[in-house]
Amino acid sequence: MTVNSNEPAHERTAEAMAAKADGLKERAQEKAAQAKEAVTGHAGDAVRTTQEKAGQVKDTVSDLASKARENATPPAITSPPAVRGAGAAAVGVATALAVWLLRRRAKRNANPWRHAAQTAKSQIKTVRREAKSGLKAARKRSRAEAAAQVASARAKAHRAKARAKSWK
């Protein structure tokens, strides 16, 4: 703002107050945008981390299942059909038992990171809901703060304008 010596002092203060009000409004909008970016960034990081851990858990489970299938013994082809049926049932039970034992052992000897991945995978929906509600709350707060700052700036500008009129 250039100060013109021909302008009365009250007009210069009104212009200064209006410029200050505009500055406050711009800062409020910048703060709202920063808050939105921060909340969005944290939610995105949480989702990416849980997705990575979930992928690791899926890979581990598929590896265990393939190992169980490889270790299963094929039924004898030369035996009579009744024996083959009993053998197939025994192989099925043995495979199921082997898978159950492998999973149980894996749970007991689990890497703490694998356990954390399973926990994170089970909480994906909860984290997404919390992130959404946190984002909504942050937006609501920033809008309320911006509205309050704008209202305050308008009131100051209005008072300055009224004072400028009363100087005439």
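Hey, any idea what % of the stretch 87-133's accessible area is carbon plus sulfur with a 1.4 Å probe?
60 percent
How big is the gap, in Å, between the Cα center of the stretch 22-38 and the Cα center of the stretch 40-70?
Cα centroid to Cα centroid, the span is 38 Å.
Cα-Cα over 24 Å: which of Lys31/Lys140; Lys53/Lys132; Lys31/Lys165; Lys136/Lys156; Lys67/Lys125; Lys31/Lys161?
Going by Cα-Cα distance, Lys31/Lys165; Lys136/Lys156; Lys67/Lys125; Lys31/Lys161 fall outside the 24 Å limit.
The values are calculated or read from the model by the stated rules, or taken from the named source; none is laboratory data. Predicted, not measured: the structure shown is a model, and the values here were computed from it. For accessibility, only protein heavy atoms count, side chains too; no ligands or nucleic acids. Shrake-Rupley method; radii C 1.70, N 1.55, O 1.52, S 1.80 Å.
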